[in-house]
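Contents: one structure, followed by commentary.
The values are calculated or read from the model by the stated rules, or taken from the named source; none is laboratory data. Being a predicted model, the structure only gives us computed values, none of them experimental. As a convention, Cβ positions derive from the backbone with ideal geometry for all residues, glycine included, and neighbour counts pool all protein chains shown. These area figures cover heavy atoms from the full protein model, side chains too; ligands, DNA and RNA do not enter into them. Shrake-Rupley method; radii C 1.70, N 1.55, O 1.52, S 1.80 Å.
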Amino acid sequence: MHQDFMPPGIVALTGAGISKESGIDTFRDKDGLWTRVTLEEVATIEAWHNDKKKVLDFYNDTRKSFRAAHIVPNAAHKALARLEQKYGGEVTVVTQNIDPLHEQAGSKRVIHMHGRDGESRCMNCGTVTVSDIDLTPQSVCPHCKAVGQLRPNIVWFGEMPMHVDEIDDVLERCGLFLAIGTSGEVYPAAGYVLQVRRSRPRVHTVELNLEPSVNRTLFHEHIYGPATLTVPAFVDRVLAYGWK
Ligand code: APR
């Protein structure tokens, strides 16, 4: 009997660079967030224990800045959504970004490995709540009613990324791996290119970044330039000719 042919999966690992042209700062560029804010003071569990108000205010402000009217998906986000719609196989975006721009662009299969903006998690009972309300050190968990135990549902330095098994699964099925707008400095995301090359010897791996990333030598192909130009052109190429 004839079996339907399912083309190999495509995984796009995205980082802050894909949202830069939408008006969201990256972390490590010369105008990046970590040049203005000390990450140990806002992005660790120790920081939260030391000064909850400071950490919660920082993420309250971040959430509001993402909601600003001018922050909209750009041509790179839209191109990945188009790839998912038009390609005959599975296309998964694995993003390190907490912003909602992939979903707003129309991508359906999006895995937020560092959490997502607009969710809180109770450190007492673990319940995750979708909420756009500012968190304060007095906030009450809607589930267990603990006071002062709500934090943003975001992966801080020293914490385990989310959805790692699901990510391993999509990497296992992929024939094309893209890393878009990420510096390659933060693991485990920076190690996915090697992971996929070890488990899928025929995989094609492409780095699309403004400049060479730290792990550039691990990729088969390198495309440098702003994501709004490189990603749509690359998607056109894949949809027309594949990647070989
Ligand atoms: N188009 C493409 N790439 C760009 C653009 C652009 N317009 N602008 C900047 N870049 C590239 C930069 O050259 C840089 O290599 O995006 C990359 C962004 O790197 P980082 O700031 O390190 O961001 P990211 O890799 O997403 O960081 C990973 O680190 O601080 C943590 O949790 C945070 O998820 C984040 C993680």
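Overview of values
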{"quantity": "Aspartates and glutamates whose Cα lies under 12 Å from that of LYS52, excluding same-chain neighbours fewer than 8 positions away", "calculated": "GLU41"}
{"quantity": "Over the chain, relative contact order from alpha-carbon pairs under 8 Å, at least 6 apart, %", "calculated": "23 percent"}
{"quantity": "Projected area averaged over orientations for the chain, convex hull of C-alpha atoms, nm²", "calculated": "14.7 nm²"}
{"quantity": "Portion, in percent, of the accessible area of segment 95-244 that falls on carbon or sulfur, probe 1.4 Å", "calculated": "54 percent"}
{"quantity": "Among the listed pairs LYS53/LYS108; LYS30/LYS108; LYS54/LYS108; LYS20/LYS64, those beyond 25 Å (Cα-Cα)", "calculated": "LYS53/LYS108; LYS30/LYS108; LYS54/LYS108"}
{"quantity": "Karplus-derived 3J(HN,Hα), 6.51/-1.76/1.60, for each residue of segment 176-187, Hz, glycine and proline x", "calculated": "9, 10, 10, 10, 10, x, 9, 6, x, 9, 10, 9"}
{"quantity": "Unmatched cysteines, the chain - criterion: no other Cβ of a Cys under 4.7 angstrom", "calculated": "CYS174"}
{"quantity": "The chain: most fluctuating residue of ALA81, ALA189, ALA43 per GNM, C-alpha cutoff 10 Å", "calculated": "ALA43"}
{"quantity": "Karplus-derived HN-Hα couplings along segment 123-131 (A = 6.51, B = -1.76, C = 1.60, θ = phi - 60°), whole Hz, x at Gly and Pro", "calculated": "6, 8, 10, x, 5, 9, 10, 7, 7"}
{"quantity": "For the chain, size of Cβ-based charge dipole, Lys and Arg +1, Asp and Glu -1, in debye", "calculated": "340 debye"}
{"quantity": "VAL91 long-range amide H proximity, modeled H, under 5 Å", "calculated": "ILE10"}
{"quantity": "Beta bridge orientation in segment 118-231: antiparallel %, DSSP, nearest 5", "calculated": "45 percent"}
{"quantity": "Charge sum, other residues only, whose C-beta stays under 11 Å from ALA81's C-beta, Lys/Arg counted +1 and Asp/Glu -1", "calculated": "+3"}
{"quantity": "Relative contact order %, segment 1-72, counting alpha carbon pairs below 8 Å whose residues are six or more apart", "calculated": "22 percent"}
{"quantity": "Shape category assigned to segment 172-244 from the gyration tensor of Cα positions, a/c cut at 1.5", "calculated": "oblate"}
{"quantity": "Average accessible area per residue (Å²) across segment 92-203 - probe 1.4 Å, nucleic acids and ligands excluded", "calculated": "46 Å²"}
{"quantity": "Cα-only radius of gyration and Dmax that characterise segment 1-56, units Å", "calculated": "19.8, 65"}
{"quantity": "Nonlocal amide H pairs with THR205, under 5 Å, H built at 1.01 Å", "calculated": "PHE177, HIS220, GLU221"}
